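Each remark here refers to the structure printed beneath this line.
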């Protein structure tokens with residue numbers, strides 16, 4: 001099961017239905033120096049809990065349809081015993097509304113939805129051989145977004161339609177609020193000797209327009225390599241093994257280009273992150289489960305910038321969960 005998405009490397013035949021769940025827990029320790037009128041160190045943690053159920057349906061011998069839905073919570077834990085317009089104890093489950101009644105952030109549990117059509121150039125199912133897939137799709141944003149930039153600090157820059165904007169703000173949300181085009185490429189190979197499964201996937205998300213609140217996200221991209229080694233201690237005759245079926249190794253490069261609010265570049269939006277990972281894979285009948293530990297390493301971005309007057313520091317760790325099951329149901333008209 002490749003790193004990052006339990007539907008990667010798997011194509012289904014006409015009428016088959018594959019159900020997947022991808023989960024992610026991310027913990028970030030962060031800090032920076034005093035800001036403007038707040039003469040104290042800022043520090044805290046950010047936790048993100050994401051569950052992403054998905055379904056893949058075989059339309060023809062060469063085309064699969066894939067739908068994936070983000071459900072999640074992002075929460076901030078504020079360290080100093082001081083009030084701040086930038087940070088506080090809060091989460092994306094609730095709106096952020098200032099004392100003038102202005103909602104700068106809209107909360108919710110539902111994140112973005114992704115719809116893809118995959119072309120299976122080569123697909124050998126569970127047999128030895130290559131899998132070469134091309135994907136094209138669209139991201140539909142959720143309503144859990146920021147309605148105004150958290151970087152507006154000068155009154156003369158405030159948009160005219162935000163007469164109740166006072167400067168207090170939240171920095172994070174579940175969605176960018178923008179529709180995006182999706183491009184995907186997968187190349188994987190399966191064989192009987194180690195590594196038994198290996199390959200590469202690439203994904204690019206390109207915003208098609210600004211959000212309704214004039215936020216233009218950057219282009220995001222990911223390049224992921226995966227290796228799976230068979231576990232020689234695995235006993236296939238047992239109904240359940242505490243020993244994993246195999247061990248997974250991965251290395252990901254994640255990137256994001258500059259974003260903007262109202263045509264003005266967002267200060268900390270461009271970044272590159274390298275993510276090594278290690279995990280195990282368990283199999284129970286037709287169900288495959290994976291658990292991986294990931295350690296993001298920030299290559300470029302605000303936390304690694306030479307031009308960083310706030311002395312930003314960030315340390316993160318992630319636990320990734322994957323679940324995959326062929327439902328054993330055939331759609332009769334496909």
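The values are calculated or read from the model by the stated rules, or taken from the named source; none is laboratory data. Worth saying up front: this structure is predicted, and the values here are computed from it rather than measured. Here Cβ is always computed from backbone atoms with ideal geometry, including for glycine, and neighbour counts include all displayed protein chains.
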Subset of the stretch 252-275, residues exposed (fewer than 15 other Cβ atoms within 10 Å of the Cβ) and assigned to a strand (DSSP E or B), comes to 264, 265, 274
Could you look through the stretch 178-209, keep only residues that are modelled with pLDDT under 95 and assigned to a loop (DSSP other than H, G, I, E, B), and pick out the one that is nearest to residue 259 (Cα to Cα)?
-> 209
Starting from residues that are closer than 18 Å to residue 294 by Cβ and without any contact (Cβ under 8 Å) to a residue 60 or more places away in the chain, keep the ones in the stretch 34-70 and report whichever is farthest from the chain's Cα centre (by Cα).
-> 45
Flag for residue 69 being crowded, with 21+ Cβ neighbours inside 10 Å and in a strand (DSSP E or B) = no
For residue 202: the one exception among (1) surrounded by 14 or more Cβ atoms within 10 Å (Cβ to Cβ); (2) in contact (Cβ under 8 Å) with a residue 24 or more places away in the chain | (2)
With criteria (1) surrounded by fewer than 16 Cβ atoms within 10 Å (Cβ to Cβ); (2) assigned to a loop (DSSP other than H, G, I, E, B); (3) in contact with a strand residue (DSSP E or B) (Cβ under 7 Å, 6 or more places away or on another chain), residue 55 comes up short on (2)
Answer yes if at least one residue in the stretch 36-45 is surrounded by 19 or more Cβ atoms within 10 Å (Cβ to Cβ) and more than 19 Å from residue 185 (Cα to Cα), and no otherwise.
-> yes
Would a scan of the stretch 98-108 turn up a residue that is in a strand (DSSP E or B) and without any contact (Cβ under 8 Å) to a residue 24 or more places away in the chain?
-> no
State all residues of the stretch 283-297 that are surrounded by 19 or more Cβ atoms within 10 Å (Cβ to Cβ) and in a strand (DSSP E or B); if no residue qualifies, say none.
-> 288, 289, 290, 292, 294
Tell me, yes or no, whether the stretch 99-112 has at least one residue that is surrounded by fewer than 21 Cβ atoms within 10 Å (Cβ to Cβ) and under 16 Å from the mean Cα position of the chain (by Cα).
-> yes
Assess whether residue 31 counts as being part of a strand (DSSP E or B), in contact (Cβ under 8 Å) with a residue 40 or more places away in the chain and surrounded by 15 or more Cβ atoms within 10 Å (Cβ to Cβ).
-> yes
Regarding residue 151, is this residue over 26 Å from residue 220 (Cα atoms) and modelled with pLDDT under 90?
-> no
Verdict on residue 234 being at pLDDT below 95 and assigned to a strand (DSSP E or B) | no
